[in-house]
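Trainee: What follows is a single structure, and I will ask about it in a moment.
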Amino acid sequence: MKFGVITFPGSNCDYDCHQAVEEGLGLKPVRIWHRETDLQGCDCIILPGGFSYGDYLRTGAIARFSPVMQKVKEHAERGGLVIGICNGFQILLESGLLPGAMMVNRGLQFVCQTVNLSVERNDLAFTNKLEKKQVIRIPIAHKEGNYYLDQRSLKELEDNHQVVFRYCDQNGRISDAENPNGSQNNIAGIVNQKGNVLGMMPHPERAMEALLGSDQGRLIFDSIKAHLQKVG
């Protein structure tokens, strides 16, 4: 069982993800530089948060052309697990591994806070340690987290049950008041149709210890580990 953490120029959460795997799961993750084309047999690839290539053109738009991303696409096509967190989610959108796009937060400001998330699916490799409709607290930190899809594609996303997390209140109530960035339908995280590629704006790697405010991000990493153990 191997986890790989990709580092792009401008990544700043790669160490956090590395630590979450090493200290949280007791596994030694592989560090993968964006120019590499060998995923070293990793079962789960993590695209971390940060500001890849300075977000100079558009969030994730330049990172999609990194040599490593072709191998990530091939890995996903074979059914391998991929999780993109914050900027990693933006890269997955730009690369076409997930549908939609990110816009600037509706308040036009960077937001950094802990939010409540409603778990919409618990039948995935990323959520099997969670309960459906469970509310978990995970921090966010982004300026371009306003998830957008045209109405036809949004309906298809919802009909296919690809929404995994939604912003909500502490009781699980989903409303615009609990939406920190303007994302359509309060969407905080989605998967592809096959369910092996997850993109989410909240940072589970920053919620691994109760001392830091929440340890519920650990449930996502524990879910991945449990899935990989099950499939061998």
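The values are calculated or read from the model by the stated rules, or taken from the named source; none is laboratory data. The model shown is predicted, which means the values in this text are computed figures rather than measured ones. Positions of Cβ are backbone-derived with ideal geometry, glycine not excepted, and every protein chain shown enters the neighbour counts.
Trainee: Looking at the stretch 1-109, what helices (runs of 4 or more DSSP H) fall wholly within it and have at least 2 residues that are β-branched (Val, Ile, Thr)?
Mentor: In the stretch 1-109, the matching helices (runs of 4 or more DSSP H) lie at 67-77.
Trainee: Within the stretch 42-73, how many residues turn out to be over 17 Å from the mean Cα position of the chain (by Cα) and under 18 Å from ALA125 (Cβ atoms)?
Mentor: If we filter the stretch 42-73 for residues that are over 17 Å from the mean Cα position of the chain (by Cα), which is where we start, we get 42, 53-58, 62, 65-68, 70-71.
Of the ones still in play, those that are also under 18 Å from ALA125 (Cβ atoms) are 42.
Result for the stretch 42-73: 1.
Trainee: Identify, please: which residue in the stretch 57-108 is in contact (Cβ under 8 Å) with a residue 24 or more places away in the chain and charged (D, E, K, R) and is, among those, farthest from PHE8 (Cα to Cα)?
Mentor: ARG106
Trainee: OK, next. Among the candidates ILE83, ILE91, single out the residue that is closer than 19 Å to GLN229 by Cα, surrounded by 24 or more Cβ atoms within 10 Å (Cβ to Cβ) and not polar (S, T, N, Q).
Mentor: Details: ILE91 fails: closer than 19 Å to GLN229 by Cα.
Among ILE83, ILE91, only ILE83 is closer than 19 Å to GLN229 by Cα, surrounded by 24 or more Cβ atoms within 10 Å (Cβ to Cβ) and not polar (S, T, N, Q).
Trainee: Name the residues in the stretch 220-231 that are of a type in the set (A, V, I, L, M, F, W, C), modelled with pLDDT of 95 or more and surrounded by fewer than 23 Cβ atoms within 10 Å (Cβ to Cβ), would you?
Mentor: First, the residues of the stretch 220-231 that are of a type in the set (A, V, I, L, M, F, W, C): 220-221, 224, 226, 228, 231.
Restricting the remaining residues to those that are modelled with pLDDT of 95 or more gives 220-221, 224, 226, 228.
Residues satisfying the conditions are ALA226, LEU228.
Trainee: Could you please find all residues in the stretch 132-149 being over 8 Å from VAL119 (Cβ atoms), not aliphatic (A, V, I, L, M) and not in a strand (DSSP E or B)? Working first, answer last.
Mentor: Of all residues in the stretch 132-149, those over 8 Å from VAL119 (Cβ atoms) come to 137-149.
From the residues that got through so far, the ones that are not aliphatic (A, V, I, L, M) too are 137, 139, 142-148.
LYS143, GLU144, GLY145 - these are the residues of the stretch 132-149 that are over 8 Å from VAL119 (Cβ atoms), not aliphatic (A, V, I, L, M) and not in a strand (DSSP E or B).
Trainee: Considering (1) in contact with a strand residue (DSSP E or B) (Cβ under 6 Å, 6 or more places away or on another chain); (2) under 19 Å from VAL197 (Cβ atoms), say which one ASN105 fails and leave the rest.
Mentor: Result: ASN105 fails condition (2) only.
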